[in-house]
Amino acid sequence: MTGSGFDIRRVGGRIGAEIIGVDISRPLDPGVVAEINGALIEHKALFFRGQDLDDTAQLRFASLFGELTTAHPTVPSADGQPNVLAVNGEEGIRSNRWHTDVTFLRTPPKATTLRSLVVPPYGGNTLIANAASAYRDLPDALRELADRLWAEHTNDHDYAEPRTAKAAEHRRRFVSRKYRTAHPVVRVHPESGERGLFIGGFAQRLVGLNADDSRDLLRILQNYVIRPENVVRWSWAPGDLVLFDNRITQHYAPDDYGTLPRLLHRVTVAGDVPVGIDGERSRVVEGDDAEHYTPAAAA
C-alpha cells in the first residue's frame, strides 16, 4: 500500500508491477503521479487493468510524465490524433522483434503507454525486458567491454519483414526518412543512475567493428537482456494500459495469434539524449534531430 492509498503488486521477480486502486481516466493529484513515477523507476513496467480510457484520457495520463512526442517520426498517426500511433496487427505488421522504441533518433522516448482496444482471445501478449538487471548479469570482463562500446541504431533495416502489399507499403513509409544514431551500449538512467544495456533491434552495428563482429557481440549482449529471469509477459484484456520506461527496457510482441485482430494505441513521452558512463552523449550519424517528432530534439 502506498502513501496515496493504492496498491503496487509485483508481477515479475525482476520487472513489472500492477497498479491497483487508481482510476487513470480521471485527473490525478501530483502526489499520486510522483508515486507512480517512483514505481516506474523501480519496476520498469507498470500495468493498469480495466481502465475506462479513450484517446483523450490516454493522452492526458501520458502527459503527466512529460511532454509528448507525435505518433512516430515517419509512420502516420491515428486519424485525427497526431500524438497517437495505432499498433494494428491486422495489417501484418507485427513487432515480433525485441526493441526499444525509436532508438534510431538522438532523443528516443522517455516512456511508452500502450492501451488495448481489440485483443485476441489467445496470444497477442507483450513481453518487456529489464535492461538494468541484464547489465548486472554480465560477467565482469564482458561488462567492462560493454562499458566502452557504442552502437549505431537505424530505422533502415529489416525490422519488419514485408509479407503483404500493406506491409511493403508500411516498410516504405518507415524508411521514408532515414535515421542513424550512435548511442552508448551502456546507458546511465537520468533519474535512477542505473546502468542498462541500450541495444535492441534497431542497433545494427558497433562503432569501430566490422559487421560480423558487431552481430556476434550484439547477439551475446542481447541474450542477457532477454533471459527469462529479466522478462515479464503481459496478457492483454480490453481496457488495459501498460506504461514502461523506454530508457531501460526492451519489448516484444509475439506473432502467435494468426489472423485474429489486435489493436493497441501508443502514446510516447519525449525523452532526453542518452548518456554513457563517461558522460558522452549520443550523436546523430545520418538524418536530423526529428524536430517534427519530439520536443526534446533541441536538447
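Might you check whether a residue that is of a type outside the set (Asp, Glu), out of contact with any strand residue (DSSP E or B) (no Cβ under 9 Å at 6 or more places or on another chain) and under 17 Å from residue 222 (Cβ atoms) occurs anywhere in the stretch 144-164? Break it down into steps so the answer makes sense when it comes.
Of the residues in the stretch 144-164, the ones of a type outside the set (Asp, Glu) are 145-146, 148-151, 153-155, 157, 159-160, 162-164.
Now narrow it down to the ones that are out of contact with any strand residue (DSSP E or B) (no Cβ under 9 Å at 6 or more places or on another chain): 145, 160, 162-164.
Going one step further and asking which of them are under 17 Å from residue 222 (Cβ atoms), we end up with 145.
Yes, because at least one residue in the stretch 144-164 is of a type outside the set (Asp, Glu), out of contact with any strand residue (DSSP E or B) (no Cβ under 9 Å at 6 or more places or on another chain) and under 17 Å from residue 222 (Cβ atoms).
For the stretch 55-99, the set of residues classified as of a type in the set (A, V, I, L, M, F, W, C), more than 19 Å from residue 241 (Cα to Cα) and crowded, with 17+ Cβ neighbours inside 10 Å consists of 93, 98, listed by residue number.
Search the stretch 47-68 for residues being free of Cβ contacts under 8 Å to residues at least 60 places away in the same chain and not in a helix (DSSP H, G or I), and hand back the single one that is nearest to the chain's Cα centre (by Cα). So, considering only residues that are free of Cβ contacts under 8 Å to residues at least 60 places away in the same chain and not in a helix (DSSP H, G or I), the one nearest to the chain's Cα centre (by Cα) is 64.
Of all residues in the stretch 285-296, those that are farther than 15 Å from residue 178 by Cβ have Cβ atoms under 7 Å from Cβ atoms of residues that are among the small types (Gly, Ala, Ser) and at pLDDT 95 or above, 6 or more apart or on another chain, in 294/270; 295/270; 296/270; 296/271.
Condition first: at pLDDT 95 or above, within 21 Å of residue 108 (Cβ to Cβ) and not polar (S, T, N, Q). Can you find one or more residues in the stretch 153-166 that meet it? Yes, the conditions are met somewhere in the stretch 153-166. Look at the stretch 1-19: where a residue is without any contact (Cβ under 8 Å) to a residue 24 or more places away in the chain and a partner is assigned to a loop (DSSP other than H, G, I, E, B) and not polar (S, T, N, Q), sitting 6+ places away or on another chain with Cβ atoms under 7 Å, you get 5/21; 7/1; 7/21.
I'd like the full set of residues that are more than 23 Å from residue 9 (Cβ to Cβ) and among the aliphatic types (A, V, I, L, M), limited to the stretch 223-254. The answer is 225, 226, 253. For the stretch 71-81, the condition of being under 13 Å from the mean Cα position of the chain (by Cα), farther than 23 Å from residue 226 by Cβ and part of a loop (DSSP other than H, G, I, E, B) holds for at least one residue. Please verify whether residue 107 is farther than 25 Å from residue 228 by Cβ and surrounded by fewer than 22 Cβ atoms within 10 Å (Cβ to Cβ), treating the condition exactly as stated. Considered against the rule, which asks whether it is farther than 25 Å from residue 228 by Cβ and surrounded by fewer than 22 Cβ atoms within 10 Å (Cβ to Cβ), residue 107 comes out as no.
The values are calculated or read from the model by the stated rules, or taken from the named source; none is laboratory data. Only a predicted model underlies this, so the values are computations on that prediction, with no experimental measurement involved. Here Cβ is always computed from backbone atoms with ideal geometry, including for glycine, and neighbour counts include all displayed protein chains.
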